[in-house]
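Everything below concerns the one structure shown next.
The values are calculated or read from the model by the stated rules, or taken from the named source; none is laboratory data. What you are looking at is a predicted structure, and each value in this text was computed from that prediction instead of being measured. For neighbour counting, all protein chains shown are included, and Cβ atoms are generated from backbone atoms with ideal geometry for every residue, glycine included. Surface areas here come from the heavy atoms of the whole protein model, side chains and all, with no ligands, DNA or RNA. Shrake-Rupley method; radii C 1.70, N 1.55, O 1.52, S 1.80 Å.
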Amino acid sequence: MAEALLPHSPGGPVELCIGVCSAEYRTLSTQTYSFVSPSFSRVRPEKGPVSGGTRLTVTGRHLDAGSTVTVYIDKEECLFVKRTNREIICITPASQSGSGPAPIRLMIDRAEVMSSDTRYVYTEDPTVTSIEPNWTILNGSTVITVTGTNLLTIQEPKVRAKYGGVETNNFCSVVNDSTMTCLAPGLIYGKPNPPEGALRPDEFGFIFDQVSSLLVLNSTPFTHYPNPTFDPLGNSGILEVKPGSPIILKGKNLIPPAPGNNRLNYTVLIGESPCLLTVSENQLLCDSPDLTGEQRVLILVGGLEYSPGTLHIYSDSALTLPAIIGIGAGGGVLLIAIIAVLIAYKRKTRDADRTLKRLQLQMDNLESRVALECKEAFAELQTDIQELTNDMDGVKIPFLEYRTYTMRVMFPGIEEHPVLKELDSPANVEKALRLFSQLLNNKMFLLTFIHTLEAQRSFSMRDRGNVASLLMAALQGRMEYATVVLKQLLADLIEKNLENRNHPKLLLRRTESVAEKMLTNWFTFLLHRFLKECAGEPLFMLYCAIKQQMEKGPIDAITGEARYSLSEDKLIRQQIDYKQLTLMCIPPEGEAGTEVPVKVLNCDTVTQVKDKLLDAVYKGIPFSQRPQADDMDLEWRQGRLTRIILQDEDVTTKIESDWKRLNTLAHYQVTDGSLVALVQKQVSAYNIANSFTFTRSLSRYESLLRTSSSPDSLRSRAPMITPDQETGTKLWHLVKNHEHSDQREGDRGSKMVSEIYLTRLLATKGTLQKFVDDLFETVFSTAHRGSALPLAIKYMFDFLDEQADKRQISDPDVRHTWKSNCLPLRFWVNVIKNPQFVFDIHKSSITDACLSVVAQTFMDSCSTSEHRLGKDSPSNKLLYAKDIPNYKSWVERYYRDIAKMPSISDQDMDAYLVEQSRLHGTEFNTLSALSELYFYINKYKEEILTALDRDGYCRKHKLRHKLEQAINLMSGSS
């Protein structure tokens, strides 16, 4: 150990003696040894995380002196890395005392080197609060933005992922204390072909010096989607294009199905120049730069480079050089300028013309394509409808009889209504009801009764409809009296409407009074014959046409969406591949040789197929009189012995994650021309012990599925007897239900229907056009198909005109609106939307959606307001925009023609109403209807008795007394 005697010794050689220091026993070193005073002035960086791991640089002078060096940070040793004269580098330890300033001590050998108060500050460990986007592709290297705290304290941040035991990492660069950007880590997939879907790494986190808490982040689910791939250009990797024309680069997985708005960042280089890009699911559209010759195409995305081939860009030669020189030589500078201007102008107009022509051509093509599609579809539909109607002379249309039809309109949804049954009651009740009946036949009592009920706050909209229908049922045998009461109620309603200063056009718009529902029922009773003889046929034909047209394309059994539709909401927004099959169907109890050929689609579910087979086999037979699909089994017969029962769900049903897909003909691989039979359901499919055919079909199926290399072999799955509520699986058929978050939201929400879907709506509309026109023409015609205008319509319209005259309403729009609200809105719209009120049929949800569009168009045609369209108008308005003005003119002509017809005298109308009562007076049980009505007498007893007291006429005729008699008789029974 050498000791310094002087503070700044000049240094000298080291002398070594052995024994005595005489010349022969002494030697001197060639190097000189000197004494220095090491010092340090600062540390870099000045702060780092509590967990340590920061590469600390201590700067000073003579720091390479001595033999050992130790740096202490607050008593803990900093791990030595290296030193030079000017620097010592070490790795900071974890802080034992948490965050805050920590003094730094430097020991060289036994001496402590002093510093001018140099401190190091421990800060809280960095945190990561969010990663945006939280996905990348398998290759990684896409940019992700990380948000957190204290990020500036980390010197070399990295992001890491681990999958299948292999770890990968990538670099990050810190922007500020709370933000940094990283290149996402890729995944190394061990097997040859990576999977189609997304992968989740086993571990995902950050390498932040020695901060171990962020090595694995559980809070952030990070996902790796498949790498995009690109098809080669053209056939041989060379594509010829004109300059300026767009280049389409086709590929797969170009937009990963990730939530949120982040997309992959593509760069496409044509030669050296980047091009403007539009990215879609399976192609990049690139505006080619102004280059000519052969240019290599390079696509860069997330650290990947693809070269799909070379572009051969050939130039459109402009004016040739000799021509320009000739012109120049021939005509001086001025001439050249003029010619140049002319040429430029000509060229511009030619280009504009060409663009216009091209656009025109595209529009024409689109229009003619839609028209052609409509023509073909219409011709096909006509053939189908003709097959359906060739023996339909009014007899085959399955009209409901009068009673069922009126019940469905008056009490929709109630099957067994009391007014259809005999009233089983004691004598005193019957006597009380007869007394009540006499009171109801007194106009003043009836009007007081109705007005009193309507004045009560608890008398709901539903109650109004119910009272109106019960009254009409009770007065079915006295239609002339019912009409007098109805007219009085309508007159009161008009008066009240005008008194309240309501807009006159709102009259009869909604069912807010007993009168409005009575009016609907009145037309229902009196237009039954017109429906049977005249308007029913075009309505039924429209229903059949919609049903046939919808069933031509796929219909989703669960969402009710279809390929062909008039309603945008019910349109399948995806390309569904399907084939038409013709099945030979043996009807129930049918023998071989009685097969009926039936067209179905291979994407139909088994229930849909059963419905189509039943439609064909029981053509022309009312829906309620034929077997239902649920009561029948569908057998696929192959050879004499093999019979496979097909079902919507069985052990072969495919399940992916929590989605279960309904079985279709394609799933069972049913071929064209197959022989099928409809048989009565015998045994449940799961009751395998009793079902020999099912077990046989199963073993056959196992081999079938194995040969088609299905990923989930049958043996690995037990039959799914568990109901869906327990397993949490969701059923789907053609498209997955959009309520679920795994469906990308953007696919649906857009207001704009892309061209292809709009054309499909147009094509469906064009196909059905004739049937819609026929119906509207029949309804809005005063003398059509040899059938006269029903008296009820003329009578009611005259009554409304009379009321308008009385109240000096001269605005023709108000009269028009009253008539539209009274007949088209109150009666026709109801019938068009619900053909099952008139016919014995089953209405599916897609047919319902299409009929709603027709009904809306019907209402729009009756409206007087201007039909204004904008980009936000619903598609059904846009669809019939061109037709509505035409239909409006029909409506106006119809109302005009009715007004011109001679009025119907009260005697003629009464005679007609008496005849109607004679025909249908016994349809409903009057006593039962009165008993149902009496419920309201009971409920509002005090209010009704008070009202009878107030009215002079009622007092004079002692109506209160009579009602009390009836009430006492009734209560006598209790």
Simple spin-label estimate for residue 773 and residue 173 in nanometres, 7 Å along Cα-Cβ: 6.8
Accessible surface, per residue, of segment 513-586 when the full set of protein chains is kept, probe 1.4 Å, Å²: 29
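Which value, in Å³ per residue, describes the convex hull spanned by the Cα atoms of segment 1-142? Don't skip to the answer; put the middle values down first.
Details: hull volume 27.4 nm³, N = 142.
Once divided by residue count, the hull of segment 1-142 is 193 Å³.
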Cβ-based net charge around residue 254, under 13 Å, with every Lys or Arg adding one and every Asp or Glu removing one: +1
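How much length is gained if the chain between residue 245 and residue 189 is pulled fully straight, taking 0.36 nm per residue apart and subtracting their Cα-Cα distance, in nm to one decimal? Working shown, then result.
Numbers: separation 56, 0.36 × 56 = 20.16 nm, distance 3.93 nm.
Here the answer is 16.2 nm.
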Solvent-accessible surface (1.4 angstrom probe) belonging to residue 598, in square angstrom, nearest 10: 10
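How much accessible area per residue does segment 149-237 have, in Å², with a 1.4 Å probe?
On the way: 4610 Å² over 89 residues.
Spelled out: the 1.4 Å probe surface of segment 149-237, per residue, equals 52 Å².
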Antiparallel %, DSSP beta bridges [both residues in segment 1-145], to 5: 90
Pair residue 488, residue 430: separation of 7 Å Cα→Cβ label points (nm): 3.0
Rounded Å value of the spacing that divides the Cα centres of segment 409-464 and segment 593-624: 45
Förster radius 35 Å - calculated FRET efficiency between residue 403 and residue 906 (Cβ-Cβ, nearest 0.05): 0.75
Residue 396/residue 680 FRET efficiency (R0 25 Å; Cβ-Cβ; nearest 0.05): 0.45
Label point at residue 96 placed 7 Å out along Cα→Cβ; residues across segment 46-82 whose backbone nitrogen lies under 19 Å: 49-54, 70-80
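What is the gain in length, in nm to one decimal, between residue 939 and residue 456 on full extension, counting 0.36 nm per residue of separation less the C-alpha to C-alpha distance?
Values: separation 483, 0.36 × 483 = 173.88 nm, distance 1.07 nm.
Length gained, residue 939 through residue 456: 172.8 nm.
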Between segment 547-570 and segment 185-260, the alpha-carbon center distance in angstrom: 36
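Let me know the whole percent of all Cα-Cα pairs from segment 841-945 that are separated by more than 18 Å. Don't skip to the end; give the middle numbers.
Working: 4020 of 5460 pairs.
For segment 841-945, the fraction of Cα-Cα distances above 18 Å is 74 percent.
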Virtual spin-label span in nm between residue 642 and residue 110, 7 Å along Cα→Cβ: 9.9
Cut-off 9 Å between beta-carbons: net charge of the residues surrounding residue 564, Lys and Arg +1, Asp and Glu -1: +2
Relative contact order computed over segment 514-604 (Cα-Cα under 8 Å; 6+ residues apart), in percent: 18
For residue 171, solvent-accessible area (1.4 Å; no DNA, RNA or ligand), Å²: 140
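Apply 1/(1 + (r/R0)^6) to the Cβ-Cβ distance of residue 89 and residue 23, taking R0 = 45 Å, and write down the FRET efficiency to the nearest 0.05.
That gives a FRET efficiency of 0.45.
Taking only protein heavy atoms into account and a 1.4 Å probe, give the accessible area per residue of segment 455-494 in Å². Write out the running numbers ahead of the final one.
Numbers: 1440 Å² over 40 residues.
That works out to 36 Å² for each residue.
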Extended-chain gain in nm, criterion 0.36 nm per residue less alpha-carbon gap, residue 806 and residue 569: 80.7 nm
Residue 137 long-range amide H proximity, modeled H, under 5 Å: 142, 225
Modelled label reach - residue 33, point 7 Å along Cα→Cβ, segment 107-131 residues with backbone N closer than 20 Å: 108-112
